[in-house]
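The values are calculated or read from the model by the stated rules, or taken from the named source; none is laboratory data. Quick caveat, the model's predicted, so the values are computed rather than measured. Here the Cβ is made from the backbone with ideal geometry for all residues, glycine too, and neighbour counts use every protein chain on show. We work out accessible area using only protein heavy atoms, side chains counted, and drop any ligands, DNA or RNA first. Shrake-Rupley method; radii C 1.70, N 1.55, O 1.52, S 1.80 Å.
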Amino acid sequence: HIKKMRVLMLAAMAAAAQEGSAFLLSPSSSSFMKAQGSLSSPPGRFSGVTVRSSKLRSNHLCSIKASLQGQDVMNKFDAIGDSAIQKLMDALPLRESNHVEGLGASSWVEGSFSGSVQGWTAEPKVGWISKSSMKNSDGSSGSCNLAVLMGPSYDTPHLWVDMSVTPQEIVVNLDFPARVDLAANKDYIAEYYKSASAWYDSLMNNPATTPIAGGKGLNDRILASPMSLSLSMPKDQQSLDMIERAVDEQVSTWCSWIQGAREVNRMQRGSMFARDTQMQRMRFSSLFQRFQSVFPKDRAQQLAAAMVGPGDEQYVGSAGDNSE
């Protein structure tokens, strides 16, 4: 049975490769999927061929019959993102920002893609929080992203969540990007990452998930923390339930950190601001380049600026010069 399904999948992927490819956008590091079609192609036609070398596990193949519709998966992604935002609101004084609306990115359409971005601030602890989603016209493929970017007054890690779906699979990218040089700050590892190790191990070693090897750009690899997870899984209800639990635990863990966070001293604040500035420059560059591979430059710039937040508008003017 498995051998037969493998043959069928390989045949489908080979046929799709003959018709050309573009990128299914997902703003996280490794989730830019090779997908059939382009902005000028008929909407909703994706092959879901991923740019990675790891093999899909046998349970991916056996779960095809129980595969969910892409729109159902996207609806669940949005619900998971909304739940995460509510949890953040319970922990922080979130204030909705007009930054995204000012950029014209709160709701957008480009070719066969459409999406939305929402943004909040929560100073002095958090500089920017964004929730974004995008999908193709028939809903078969899309992504939902949540980013929490700290301000320089506290050393708590950033928080990134990205969930993507193609006709073949679900891919999630989860991380707590560090704010300091970890090699020189063992106390930081003990304070934050050791407490998240069980969460990381439970997902990395889950038989329903396949770790994704490679596929990240240089900037993304630099920004990743020891807790960075890039996982592929079947497009079924079990996967969605697992993602919901994983994101809930990730956000709960982060909220416990931020509620107990202590302000850093003035000298640390200056060095942290300088480091965060470079990280955000790299993040903007990475988002811009990926969006530009599918969208016009103005749209790519708009979406990258909306996701990175108002504190980094100075990067927009030189977007094309920040190469990975």
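Name the shape class, rounded, prolate or oblate, that the alpha-carbon gyration tensor gives for segment 111-217, where a ≥ b ≥ c are the square roots of its eigenvalues, rounded holds for a/c under 1.5, and otherwise prolate holds if a/b is larger than b/c and oblate otherwise. Write out the running numbers ahead of the final one.
On the way: a/c = 2.83, a/b = 1.34, b/c = 2.11.
It is oblate, given that a/c is not under 1.5 and a/b is not larger than b/c.
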Open item on the list: Between ILE189 and ARG245, what's the calculated FRET efficiency when r is the beta-carbon distance and R0 is 30 Å? Round to 0.05.
Closed with: 0.75
TODO: Would you kindly state how much longer the chain becomes between ARG95 and ALA213 on full extension, computed as 0.36 nm times their sequence separation minus their alpha carbon distance, in nm to one decimal?
DONE: 38.7 nm
Task: Solvent accessible area, Å² - GLU244, 1.4 Å probe, full protein context - done: 80
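Quick one: grab the alpha carbon gyration tensor of segment 206-291, order the square roots of its eigenvalues as a ≥ b ≥ c, and give me rounded if a/c is under 1.5, else prolate or oblate depending on whether a/b is larger than b/c.
Values: a/c = 2.90, a/b = 1.41, b/c = 2.06.
Oblate.
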Open item on the list: Report, in listed order, any pair from LYS131/LYS186; LYS135/LYS235; LYS76/LYS125 with a Cα-Cα distance greater than 22 Å.
Closed with: LYS131/LYS186; LYS76/LYS125
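Shape call for segment 124-175 from the C-alpha gyration tensor, a ≥ b ≥ c root eigenvalues: rounded (a/c under 1.5), prolate (a/b greater than b/c) or oblate?
Oblate.
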Task: Inter-probe distance in nm under a simple model that places probes 7 Å from Cα toward Cβ, at ALA274 and ASP82 - done: 4.5
